[in-house]
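Visitor: Shown below is the structure under consideration.
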Amino acid sequence: MAGLLPDGAEAEHRPAAAGPPWPRAEVVALLREEGRLLRDGASRLLFLRAMTAGAEDLLFANGDCHPLPAGHADFLAALCRRSALTAEAVLPWLDAAPCADLLTHLFNAGHFLTPGVGD
């Protein structure tokens, strides 16, 4: 990341993808503890709500498609809506394994960053 971010930004935000993958329980615990995760500014997220019976809700993350069972579009909207993902916005959804698994995947892929010290 050196040279891509303003001076000192590397110390402010740590990408999850820098080390081994985090387990789902640890990602959820981190979100509860920190209260938010920051979205990587280079991450492009877009969702599509299921429009027909039997269709899935879809999240597109930098061109990759991630389907979820219909009825999870509000969760996907919370992922896409702001530059910081708040615990308040998504914790109710994380009891559903598909939602928790998707957040864990996105975190481990570097779409969301851990807040830095002093944020």
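The values are calculated or read from the model by the stated rules, or taken from the named source; none is laboratory data. Not measured: the values here are computed from a predicted model. So basically every Cβ, Gly included, is an ideal-geometry build from the backbone, and we count neighbours across all protein chains shown. Remember, those area values only see protein heavy atoms, side chains included, never the ligands or the DNA or RNA. Shrake-Rupley method; radii C 1.70, N 1.55, O 1.52, S 1.80 Å.
Visitor: Output the number of the condition that L85 fails; it satisfies all remaining conditions of (1) open to solvent by 40 Å² or more (accessible area, probe 1.4 Å); (2) touching a residue at least 40 places away in the same chain (Cβ under 8 Å).
Guide: (1)
Visitor: Mind checking whether some residue in the range 52-71 is free of Cβ contacts under 8 Å to residues at least 12 places away in the same chain, under 12 Å from the mean Cα position of the chain (by Cα) and surrounded by fewer than 19 Cβ atoms within 10 Å (Cβ to Cβ)?
Guide: The answer is no, given that none of the residues of the range 52-71 is free of Cβ contacts under 8 Å to residues at least 12 places away in the same chain, under 12 Å from the mean Cα position of the chain (by Cα) and surrounded by fewer than 19 Cβ atoms within 10 Å (Cβ to Cβ).
Visitor: For the range 23-51, how many residues are open to solvent by 70 Å² or more (accessible area, probe 1.4 Å) and in contact with a His (Cβ under 7 Å, 6 or more places away or on another chain)?
Guide: Going through the range 23-51 one residue at a time, the tally reaches 0.
Visitor: Take the residues in the range 76-104 that are assigned to a helix (DSSP H, G or I) and in contact with a Pro (Cβ under 9 Å, 6 or more places away or on another chain), then tell me which one is nearest to E34 (Cα to Cα).
Guide: This residue is T104.
Visitor: Something else: Which residues, counting only those in the range 90-119, are of a type in the set (A, V, I, L, M) and either at positive phi or in contact with a Phe, Trp or Tyr (Cβ under 7 Å, 6 or more places away or on another chain) (or both)? Lay out the reasoning, then the answer.
Guide: Here is the first cut: in the range 90-119, the ones of a type in the set (A, V, I, L, M) are 90-91, 94, 96-97, 100, 102-103, 106, 109, 113, 117.
Listed by number, the residues that qualify are V90, L106.
Visitor: Name every residue in the range 66-117 that is small (G, A, S) and within 25 Å of A42 (Cβ to Cβ), in order of residue number.
Guide: First, the residues of the range 66-117 that are small (G, A, S): 70-71, 73, 77-78, 83-84, 87, 89, 96-97, 100, 109-110, 116.
Answer for the range 66-117, where residues must be small (G, A, S) and within 25 Å of A42 (Cβ to Cβ): A73, A77, A78, S83, A84, A87, A89, A100, A109, G110, G116.
Visitor: Among S83, S43, which is the only one that is of a type in the set (S, T, N, Q) and either closer than 16 Å to D101 by Cβ or modelled with pLDDT under 95 (or both)?
Guide: S83
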